[in-house]
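Reading through the structure tokens given below for one structure.
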Amino acid sequence: MKNNYLVAINKGWKALSKKVPEEVAEFMDVIYLDDKRQFIVPHLNEKYIVDCNNKTIKNEKNGANAGIELTILILHYLTFFTEKRDLECKWVSLKEIPNGGILFYPAFYGDTIQGLIKAFGHNTKLFLACANKLGGHPGALGTASAFFHVFPKICVYVVIWEGDEEIPANATVLFDKSINHFLHIESVIGVGGYLVKRLIQLT
């Protein structure tokens, strides 16, 4: 598994080296420092420095290396696009995302949404507290909800319906409809799963 991650990371750096840096910055709303060959990528309530010379991705504030999963997601975010697009401000389920979303949904539900329900289905106050720590903005859906700018053009909406003795808890993860222009389907799933894991880790 580790070798697969390393292959993905190496492919990501290779893909980034073929991109026009100024185009990446403009299309994906990140900053490019030409003299340092570095991108500054906002992620939730933090920023990461993508150093093309040293092939490192580090937290701007504390210098910590991005984990393997986040490294892959950042590299995919900077390289998958083919044209300039804006957020559509329309929310869709994974099932509605082209190129396989409906096929991957059962596994996504089992791995990610069930985790949300277990962690927050009976404690939406805890969910909102954890969401706030990651820079989430309170939403209007469900018993409690929040939307997150995982990256500048990757917006994810997490919704919890609190359960009681009569009604089971439920949850969902929604994506801006534009997401298929910015990430391939495996990375869409990765973004949703990564965000939920971060939220659960804060409990």
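The values are calculated or read from the model by the stated rules, or taken from the named source; none is laboratory data. Treat the numbers as computed from the prediction; the structure is a model and nothing was measured. In this analysis, Cβ positions are derived from the backbone assuming ideal geometry, glycine residues included, and neighbour counts consider all displayed protein chains. Quick note on the areas: whole protein, heavy atoms, side chains included, nothing else; ligands and nucleic acids left out. Shrake-Rupley method; radii C 1.70, N 1.55, O 1.52, S 1.80 Å.
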note = Amide H neighbours of Gly142 at under 5 Å, excluding residues fewer than 5 places away on the same chain, with H built from the backbone geometry, are none
message = Using +1 at the C-beta of Lys and Arg and -1 at the C-beta of Asp and Glu, which of Val188, Leu202, Thr172 has the Cα lying farthest in the positive direction of the dipole of the range 162-203?
response = Val188
key: Gain on full stretching of the segment that runs from Leu44 to Lys197 - 0.36 nm per residue minus C-alpha separation   = 53.7 nm
ask   = Once you treat every alpha carbon in the range 141-195 as an equal point and sum by Debye, what is log10 I(q)/I(0) at q = 0.16 Å⁻¹?
value = -0.52
request  = Quick one: dipole size for the range 31-72, taken about the Cα centre, charges +1 on Lys/Arg Cβ and -1 on Asp/Glu Cβ, in debye to the nearest 20.
outcome  = 60 debye
Low-density loop positions, GluC sites (Glu not before Pro), the range 155-203 - DSSP coil, at most 11 other Cβ in 10 Å = Glu165, Glu166
ask   = Sorted by accessible area with a 1.4 angstrom probe, largest first, how do Asp29, Asp51 fall?
value = Asp29, Asp51
note = Taking only protein heavy atoms and a 1.4 Å probe, the highest-to-lowest accessible-area order of Asp176, Asp111 is Asp111, Asp176
ask   = Just the projected area, averaged over all directions, of the convex hull on the alpha carbon atoms of the range 97-203: how many nm²?
value = 6.4 nm²
note = Rounded to whole angstroms and listed largest first, the alpha-carbon spread of the range 103-148 along its three principal axes comes to 31, 21, 19
remark   = Measuring from its Cα centre, the chain shows a charge dipole (+1 at each Lys and Arg Cβ, -1 at each Asp and Glu Cβ) which, in debye to the nearest 20, is 620 debye
remark   = Computed about the Cα centre, the charge dipole of the range 126-196 from +1 Lys/Arg and -1 Asp/Glu charges at the Cβ has a magnitude in debye, to the nearest 20, of 460 debye
ask   = Can you give the Rg and Dmax of the range 1-84 based on its C-alpha atoms, in angstrom?
value = 12.1, 36
note = Per residue convex hull volume, Cα only, the chain, in Å³ is 122 Å³
key: Gain on full stretching of the segment that runs from Asn62 to Lys18 - 0.36 nm per residue minus C-alpha separation   = 12.9 nm
ask   = Excluding same-chain residues fewer than 8 positions from Lys19, which lysines have a Cα within less than 30 Å of its Cα?
value = Lys2, Lys11, Lys36, Lys47, Lys55, Lys58, Lys61, Lys84, Lys90, Lys153, Lys177
inquiry  = Can you compute 3J(HN,Hα) from phi for each residue in the range 72-84, using the Karplus curve 6.51 cos²θ - 1.76 cosθ + 1.60 with θ = phi - 60°, rounded to whole Hz and x for Gly and Pro?
reply    = 5, 5, 5, 5, 5, 4, 7, 10, 6, 4, 10, 7, 7
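From the protein chains alone at 1.4 Å, what is the descending order of accessible area for Arg198, Arg37, largest first?
Putting Arg198, Arg37 in descending order of accessible area: Arg37, Arg198.
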key: Given charges at Cβ of Lys, Arg, Asp, Glu: the range 125-196 dipole, positive-most of Trp161, Ser145, Gly135   = Gly135
ask   = Among all the aspartates and glutamates, which ones have a C-alpha under 18 Å from Lys197's C-alpha, if same-chain residues fewer than 8 places away are not counted?
value = Glu46, Glu69, Asp111, Glu186
key: Using θ = phi - 60° and Karplus 6.51 cos²θ - 1.76 cosθ + 1.60, couplings along the range 144-157 (whole Hz; Gly, Pro as x)   = 8, 7, 7, 10, 10, 8, 4, 9, x, 10, 10, 10, 10, 10
